[in-house]
1. Evaluate Rg over Rh across segment 1-147, taking Cα atoms for both radii and Kirkwood's formula for Rh.
2. Residue separation times 0.36 nm, minus the C-alpha to C-alpha distance between A94 and E26: what's the value?
3. Under a plain spin-label model, where a point goes 7 Å from the Cα along Cα-to-Cβ, how far apart in nm are D65 and D125?
4. Taking 0.36 nm per residue of sequence separation and subtracting the Cα-Cα distance, how much length would be gained by fully extending the chain between E101 and K185, in nm to one decimal?
5. Go ahead and estimate [θ] at 222 nm for the chain from helices alone: -39,500 (n - 2.57) per DSSP H run with n ≥ 4, summed, over the residue count, rounded to 500.
6. What does the net charge come to around L117 if you take all other residues with beta carbon closer than 15 Å to its beta carbon, with K and R at +1 and D and E at -1?
7. Modelling each spin label as a point 7 Å along the Cα-to-Cβ direction, I'd like the M1/A148 distance in nm, to one decimal.
8. In the chain, how many lysine pairs have Cα atoms under 29 Å apart, counting only pairs 8 or more places apart or on different chains?
Amino acid sequence: MNASRVIVAFDFASADAALAFAARLEPHACRLKIGKELFTATGPALVQTLVQRGFDIFLDLKFHDIPNTVAGACRAAAQLGVWMLNVHALGGRAMLEAAREAVAASRKPPLLIAVTLLTSMGASDLADVGIAGDPAAAALKLAQLAQASGLDGVVCSAQEAQLLRRECGSKFLLVTPGIRLSAGKADDQQRIMTPAAAIAAGADYLVIGRPVTQASDPVAVLDTINREIATAADSNALSPALSRRAGEGAQIPSPRAREEG
Ligand code: C5P
């Protein structure tokens with residue numbers, strides 16, 4: 001069983017580069033995120049190969065279309081054997097429900113999460129497309145729509161995690177990018193958090209790319225991150241403040257418990 005909360009962003013341009021890097025990793029030490037660049041360059045065969053090698057794959061294609069089309073895309077993704085996939089919450093309730101039903105009907109249903117607002121869009125970009133007001137409030141509304149539509153969780157920045165954890169409860173999965181090791185560089189990320197801080201804020205899974213993919217010893221970096229997360233998760237479980245989040249009982253369930261529960 002894979003207990004790692006790290007999802008390595010496989011932002012590679014070719015199947016060769018992705019497979020060469022995957023050969024250096026242990027499937028139980030992380031999960032992998034395949035996004036639009038790699039998927040468009042290589043197609044579903046790479047996903048199937050990595051699934052066959054034992055990796056849990058988050059297919060980050062952010063589907064957004066009419067309900068029937070998104071349902072078909074989700075069905076096709078589930079048939080590839082992916083562990084997690086995502087859609088845009090801005091597609092609306094009917095689209096989210098169609099996605100959820102398509103996933104639920106598959107032989108081995110993947111986790112289905114939503115993108116709320118793209119974090120690349122600031123308040124004025126959102127106003128340009130007719131979304132006025134506070135971006136954080138709009139993101140929360142979209143997360144609540146995703147939850148009401150039966151999705152398993154959302155992608156969010158670690159800065160949003162505490163609010164979403166409080167508002168959406170302990171079973172709603174929060175997947176957060178923008179993670180950097182305390183000693184590492186930020187690259188082009190504006191607002192970063194360490195793995196321990198993101199877990200303390202309520203994140204379940206951390207999407208981490210370059211700190212792992214550009215490391216000279218990625219296995220050692222993953223080991224460090226996994227240990228930092230385990231320590232942070234242990235102290236969360238013992239923390240009265242965090243264990244009271246969402247007004248719930250003493251023990252915060254692990255992401256796996258939520259997936260199964
Ligand atoms: O290399 P790095 O750790 O910055 O990679 C982060 C990954 O998370 C990339 O694949 C990026 O596209 C994705 N992502 C992000 N910020 C978001 C949503 C996704 O960095 N708001």
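What follows is calculated from the coordinates using simple rules that are stated; it is not laboratory data. Every value quoted in this text rests on a predicted model; they were computed, and no experiment measured them. Don't worry about glycine lacking a Cβ; one is built from the backbone with ideal geometry, like all the others, and counts go over all protein chains shown.
1. Rounded to two decimals, Rg/Rh equals 1.00.
2. Working it through step by step, the gained length comes to 20.6 nm.
3. About 2.4 nm separates the two model spin labels.
4. Using 0.36 nm per residue and subtracting the Cα-Cα distance, I get 26.1 nm.
5. Value at 222 nm, helices only: -13500 deg cm²/dmol.
6. -1
7. 3.4
8. 16
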